Amino acid sequence: MDVPNNGYRQYLVSRSVYSEPAFQEENEKKEIIQKTVQERLRKSCSCTSRQALQRLKSLFPILDWLPKYRWKEWFVHDLISGVSTGLVGTLQGLAFALLAAVPVGYGLYSSFFPILTYFFLGTSRHISVGPFPVVSLMVGTVVLSMAPDEKFMMLSNSTGLNKTVIDTVARDAARVLVSGTLSFLIGIIQLALGVLQIGFIVRYLADPLVGGFTTAAAFQVFVSQVKLVLNVPTKNYNGVLSIIYTIIDIFANIWKTNIADLIAGLLTFIVCVVVKEMNDRYKHILRVPIPIEVLVTIVATGISYGVNLEKKYNAGIVKTIPSGFIPPMTPDVSMFAEMIGSAFSVGIVAYAVAVSVGKVYATKHNYSIDGNQEFIAFGISNLFSGAFSCFCATTALSRTAVQESTGGKTQIAGLISAFIVLIAIVALGRLLEPLQKSVLAAIVIANLKGMFWQVLDVPRLWRQNKWDSVIWVFTCIAAILLGLDLGLLAGLVFGLLTVVLRVQFPTCGSLGNVPGTDIYKDVKKYKNLIESDGVKIVRFTSGIFYGNIDGLKNGIKKITGFDAVRVFNKRTKALRKINKLIKKGQLRATKNGIISDAGTDNEAFEPDDDPEDQEGPENSEVQIKEVEIQVDWNSDLPVKVSVPKVSIHSIIFDFGQITFLDVVGVRSLKVIFKEFKRIDVDVYIAACEDQVYKKLEDCLFFDDAIKPDICFLTVHDAVLYIENQRKFSDGSDPLLEKISLMQESKEPFEYTEEVEPTDQELDAQEAALRRLAS
């Protein structure tokens, strides 16, 4: 039945109070038949013609989208986009090669070969495959550590004086071999992860972690390029604090700055930043963004060639760009062991960047990308390009933005951009040899603006989620100080640690009823909530496992206001004193209650720190028998002893947010339940999910003392059940009855003081669990 109420419908529900056994008795569960391993293998290995076609299309996505390609509508857009992206990619390839510490010509190869394989295997239609500054810098770190200048020093006497110089030919050949081998190994790792369907691994690289890492990488890229803009000599540092040592070297040698390179770099940076800002601001007017990198490069090359900056001002220029292709190389497998860790981190970062950018444009253009297939696509691309001396491929944000904003529809635009790079490799490369390296460095720095602006995410993250903000800052600082590979690992471990801490220390709150409804909310957050007399409702917002069981116990103590074990120990002490008074005849019971002779309190008084009541290792091991006498502990006692007041008779645990339990959690819950039962507090469970309830059954939580009917479908069911039980409970006085019996018998009752929960019951439970597991 529903009744209109202020524009909403007010539902009046009438049904029985359901415990779990009662509900299951009325509602039969479906029988779930688990498939055997043989049946699962048969299903996964079976293949119809339709399934074969689908698997072929999933492996080669081009078979799916190319037949649907609208040549008349899309090709012109892809052509314009491909030409624009190719021009930008050519210049970025040269610039990012400086970051990878290889000759600039290999940046052109790295902008060409990966596109060819991704065209057939990739699922994103808009990303521009090729170098990315962060990944290139990570590659450069490995290259410089494995092929430093110090390994290639030789004596030269060309001027009649012996002096040490660097054998640049041998050094560059070694560095190209290292970068190509690294790319090949990255390809193997990515391909293996794709085949094993481990695309989910990128989920652990959360957005705050990636943001902090890329910002730190942008800072490292900036420092590495500043020394090229200034053209000052510095050593190549690697590892922890390498960025600090590089900065110190730059300032120590800043007086050696080459003015021609500095002016060219500053002018390039200013022009690129201004024009890029205009492209962003007027992108609704400009059909094609102004290719400022290309224009600046042409002008700078012309000036350098015309003025002869290298000879007149000793400017640092590109010098040599090979024409055509070099033959494929064989990776040096002996290097794999030394670079396996770095290869894994570089491969994961490259994949995460590409998939993140791809998902943005896939969502914008209403299609999906396959994470596992992307692993396979980039794995094969890096294998293929590594054989041609390329460094690791991913995507660049700025280059992808150009490809999409100029109207690119599919990877045909990427193929056309590869053709533009091919022209540069075959014919135009030598024309760029007079280009100053400071110009390329300034182009790289200008492309870092977006990554630096990520710093503005920190205040927003702090307002939204402080943990995410801390992850961002920690990862950024770690990547700057420890290096990119160790920094990424440290950020990942720290991020996982925050998850553990959040699970280990969840909130534990007390619930109250919204009057006139079956809704229960946290009493600290809402006004006008009603708490039933003598009932506490506890909500724990996490799974219960070995790591947070103490948090649950502390939360219960805080909500109830007492410790069940301490209450039981104090009551046992009070009962011992009552027994002494009864044996001495100093305490008698009448129909009006308990009275004592004069002086009883003083004679029976024992200090609170009775040695028999102290908690210690010996007492904790004593087996415990429950004391049978029950007393109204909230009334005045006939002896002087401090017994904590227990103002409740029932506790309800709201399991609505409990997602999982482990064996330790179930055992601990059982102990908690029995501790409360000993002090006459009934415990109930509400809103228990089926899988959690089954876990309780499997772990033998229920027994003769803890029945399944303590579990209810909702909190309201449990509250109604408790109110009904209290309404019809008898009003006998157990203290009066017990003391009267003891007064007549004059025999002492057995007691054993308890300090901690017994493990005797749990031993039998553990044995049963072992039998269940076997």
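The values are calculated or read from the model by the stated rules, or taken from the named source; none is laboratory data. None of the values given here were measured: they were computed from a predicted structure. In this analysis, Cβ positions are derived from the backbone assuming ideal geometry, glycine residues included, and neighbour counts consider all displayed protein chains. Areas reflect the complete protein model, heavy atoms only, side chains present, ligands, DNA and RNA absent. Shrake-Rupley method; radii C 1.70, N 1.55, O 1.52, S 1.80 Å.
In the set (1) open to solvent by less than 20 Å² (accessible area, probe 1.4 Å); (2) in a helix (DSSP H, G or I); (3) not basic (K, R), the condition left unmet by N372 is number (1).
Comparison of S304, S334 shows that the only residue that is under 28 Å from T394 (Cβ atoms) and polar (S, T, N, Q) is S334. List the pairs whose first member sits in the range 149-166 and is closer than 16 Å to P233 by Cα, whose second member is loosely packed, with under 10 Cβ neighbours inside 10 Å and modelled with pLDDT under 75, and whose Cβ atoms are under 9 Å apart, counting only residues at least 6 apart or on separate chains? Here the result reads T164/L155; V165/L155; V165/S158, each pair linking the range 149-166 to a residue that is loosely packed, with under 10 Cβ neighbours inside 10 Å and modelled with pLDDT under 75. Counted as qualifying within the range 379-488 are the helices (runs of 4 or more DSSP H) with 1 or more residues that are among the polar types (S, T, N, Q) and closer than 30 Å to K68 by Cβ, namely 397-405, 412-423. Taking into account only those residues within the range 249-279 that are within 39 Å of the chain's Cα centre (by Cα) and surrounded by fewer than 13 Cβ atoms within 10 Å (Cβ to Cβ), which is nearest to V226 (Cα to Cα)? Of everything passing the filter in the range 249-279, F251 is nearest to V226 (Cα to Cα).
Do we have any residue at all in the range 737-759 that's more than 26 Å from I530 (Cβ to Cβ), under 37 Å from the mean Cα position of the chain (by Cα) and either modelled with pLDDT under 90 or not in a helix (DSSP H, G or I) (or both)? So far as the range 737-759 goes, no, none of its residues is more than 26 Å from I530 (Cβ to Cβ), under 37 Å from the mean Cα position of the chain (by Cα) and either modelled with pLDDT under 90 or not in a helix (DSSP H, G or I) (or both).
Among the residues of the range 446-464, the one identified as without any contact (Cβ under 8 Å) to a residue 60 or more places away in the chain and small (G, A, S) is G450. Reported count of residues in the range 121-155, each being in a helix (DSSP H, G or I), farther than 24 Å from L489 by Cα and within 32 Å of the chain's Cα centre (by Cα), is 1. Close contacts from the range 532-546, counting a first residue that is open to solvent by 40 Å² or more (accessible area, probe 1.4 Å) and in a loop (DSSP other than H, G, I, E, B) and a second that is of a type in the set (G, A, S) and at pLDDT 85 or above, with Cβ to Cβ under 8 Å and a gap of 6+ residues or different chains, come to T541/G509; Y546/G665. Taken together, the criteria place L91 among residues that are touching a helix residue (DSSP H, G or I) at 6+ places or on another chain (Cβ under 8 Å), modelled with pLDDT under 85 and not small (G, A, S).
When residues of the range 688-706 are filtered for being outside any loop (DSSP other than H, G, I, E, B) and of a type in the set (D, E, K, R), how many remain? Residues in the range 688-706 being outside any loop (DSSP other than H, G, I, E, B) and of a type in the set (D, E, K, R): 5 in total. Listed by first and then second residue, the pairs linking a residue in the range 367-391 that is over 15 Å from S58 (Cβ atoms) to a residue that is in a loop (DSSP other than H, G, I, E, B) and β-branched (V, I, T), with Cβ atoms under 7 Å apart and 6 or more places separating them unless they lie on different chains, are S389/I326; F391/V102. On the stretch given as the range 289-306, residues that are surrounded by 15 or more Cβ atoms within 10 Å (Cβ to Cβ), of a type in the set (V, I, T) and farther than 18 Å from K437 by Cβ total 1. Determine, yes or no, whether K35 is closer than 30 Å to A686 by Cβ, within 41 Å of the chain's Cα centre (by Cα), in a loop (DSSP other than H, G, I, E, B) and at pLDDT below 85. Against the criterion (closer than 30 Å to A686 by Cβ, within 41 Å of the chain's Cα centre (by Cα), in a loop (DSSP other than H, G, I, E, B) and at pLDDT below 85), K35 does not qualify.
Can you pull out every residue in the range 169-210 that is free of Cβ contacts under 8 Å to residues at least 40 places away in the same chain and exposed (fewer than 13 other Cβ atoms within 10 Å of the Cβ)? Correct list: V169, L196, R203. In this structure, does K235 turn out to be of a type in the set (D, E, K, R), out of contact with any strand residue (DSSP E or B) (no Cβ under 6 Å at 6 or more places or on another chain) and open to solvent by less than 60 Å² (accessible area, probe 1.4 Å)? Here the answer is no, as K235 does not meet what is asked. Among the residues of the range 673-718, those that are open to solvent by 50 Å² or more (accessible area, probe 1.4 Å) and among the basic types (K, R) comprise K677, K694, K695, K707.
K521 falls short on exactly one of the conditions (1) at pLDDT 90 or above; (2) of a type outside the set (G, A, S); (3) under 23 Å from the mean Cα position of the chain (by Cα), and that condition is (3).
The rows are residues; the columns are (1) open to solvent by less than 10 Å² (accessible area, probe 1.4 Å); (2) among the hydrophobic types (A, V, I, L, M, F, W, C).
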residue	(1), (2)
S405	no, no
I420	no, yes
I425	yes, yes
P434	no, no
I443	yes, yes
D485	no, no
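Just one of (1) of a type in the set (S, T, N, Q); (2) over 15 Å from N447 (Cα atoms); (3) under 41 Å from the mean Cα position of the chain (by Cα); (4) buried (at least 18 other Cβ atoms within 10 Å of the Cβ) fails for Q220. It is (2). Consider the range 642-672 and keep the residues that are open to solvent by less than 30 Å² (accessible area, probe 1.4 Å) and in a loop (DSSP other than H, G, I, E, B). The one that is farthest from L581 (Cα to Cα) is I658. Within the range 211-261, the residues that satisfy the criterion of being within 19 Å of V142 (Cβ to Cβ), touching a residue at least 24 places away in the same chain (Cβ under 8 Å) and β-branched (V, I, T) are T214, V221, V223, V240, I243. Checked against the criterion of being open to solvent by less than 60 Å² (accessible area, probe 1.4 Å) and at pLDDT below 85, the candidates L575, L492 yield just one match: L575.
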